[in-house]
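The values are calculated or read from the model by the stated rules, or taken from the named source; none is laboratory data. All values derive from a computational prediction rather than experimental measurement. Cβ: placed from backbone, ideal geometry, glycine included. Neighbour counts: every protein chain shown. Ligands, DNA and RNA are stripped out before the accessible areas are found, and what is left, the full protein with its side chains, is counted by its heavy atoms. Shrake-Rupley method; radii C 1.70, N 1.55, O 1.52, S 1.80 Å.
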Amino acid sequence: MNIALSLTVALLPAILLLLYIWKKDPQKEPTGQLVKAVLWGVAICIPIGFVELGIQEVLFGGKMPTDLWSSTAQAFLLAAVPEEAAKLFALWLILRKNPYFDEHFDGIVYAVCVGLGFAAIENVFYVLQSEEEWLTVGIVRSLLAVPGHYAFAVLMGFYYSLYHFVDHSKKTAVCILLVPVIAHGIYDAIAFIGVVSAAIGGISFLVLVLFCIKMHKVAKKKIVAQIERDEMVTRS
């Protein structure tokens, strides 16, 4: 394994998506704040890994999923809930006293920085652990897993800003965590099912690709909606 090449494959998707969301921002956030958000995403990755090991041991006896039920349960309880909760905590720490959090789109920008910081380090672990199959793993995760974390982050940032600036209802507050958890859980459930059942592996992979395409369409709409909100505020 070429370490430099494998790290490039693992990190490049997150870097490209970070640049994409940065370019989308009409009013750029301070670089230091963005780096801080990315580093928070990096920082929560390892502790959450240990939390997930504990959950797997306590709730699932340390066993990997073997059927539809266990795949779905582990997708939500083992991955989606702890990971998205940790990202939300990191996002809250960054934005709670951030004077630059003054536009609707900012929530998405900072959430994406956290999410892609997390995804980048997670991707490095997966690629480096794959040894002879590192390139295949890196390519597949570059097309699915990393963009998945990006889409989940867009959803979280959208509802975080919506609650902060527009709608202080309990429903919106719940959506900040619930919506990305549901999206993340569905993604992982489809992926886990494909692993435990070779018979439907190809079908589940196709469904996963279609789900990711749908998620990115939804994410794009959320991005456009927040940018339009900021433009309306500027014109008024």
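Expressed as a whole percent, the accessible area of the chain that falls on carbon and sulfur atoms is 69 (1.4 Å probe). In the context of the full set of protein chains, residues of the chain present 52 Å² of accessible surface per residue (probe radius 1.4 Å, heavy atoms only). For segment 20-92, the spread of Cα coordinates along the three principal axes comes to 48, 22, 16 Å, biggest extent given first. Give the label of the value calculated from the structure for Cα extents along the principal axes in Å, choosing from [x] 60, 35, 29; [y] 57, 41, 31; [z] 61, 41, 32. The value computed from this structure is option [y]. Per residue, the convex hull spanned by the Cα atoms of segment 107-236 amounts to 105 cubic angstrom. When shorter helices are ignored and each DSSP H run of at least 4 residues is given -39500 (n - 2.57), the per-residue value for the chain at 222 nm works out to -28000 deg cm²/dmol.
Ratio of Rg to Rh for segment 177-236, alpha carbon only, Kirkwood?
Reported Rg/Rh, Kirkwood definition of Rh: 1.24.
In plain terms, the chain from Val35 to Ala173 could stretch by 47.1 nm, reckoned as 0.36 nm per residue minus the Cα-Cα distance.
In debye, nearest 20: dipole of the chain around its Cα centre with unit charges on the Cβ of K, R (+) and D, E (-)?
In total the dipole reaches around 660 debye.
Applying the criteria of a DSSP loop state and at most 14 other Cβ atoms within 10 Å to the chymotrypsin sites (Phe, Trp or Tyr not before Pro) of segment 177-224 yields no site. Stretching the chain fully between Phe89 and Leu5 yields a gain of 27.0 nm (0.36 nm per residue, less the alpha carbon separation). The aspartates and glutamates within cross-link reach of Lys214, meaning a Cα-to-Cα straight distance under 20 Å and a gap of 8 or more places when in the same chain, are Glu84, Asp188. Between Leu210 and Leu12, the contour length at 0.36 nm per residue exceeds the Cα-Cα span by 69.0 nm.
Calculated on C-alpha atoms, the gyration radius of segment 86-136 divided by its Kirkwood radius gives an Rg/Rh of 1.20. Which of Ala120, Ile3, Val51 sits closest to the plus end of the dipole of the chain, meaning its Cα is farthest towards the positive end, when Lys and Arg get +1 and Asp and Glu get -1 on the C-beta? Projecting each Cα onto the dipole axis, the largest value belongs to Ala120.
Given Cα pairs under 8 Å that are at least 6 residues apart, what percent is the relative contact order of segment 32-101? Each step should come with its number before you reach the end.
Numbers: 28 pairs, mean separation 30.5, N = 70.
Here the relative contact order equals 44 percent.
FRET efficiency for the Leu68 to Ile139 pair, using the beta carbon distance and R₀ = 25 Å, is estimated at 0.40. Taking the alpha-carbon centroid of each part, what is the distance from segment 218-236 to segment 16-83 in angstrom? A separation of 26 Å, based on Cα centres. For Trp22, the solvent-accessible surface with a 1.4 Å probe is about 110 Å², rounded to the nearest 10.
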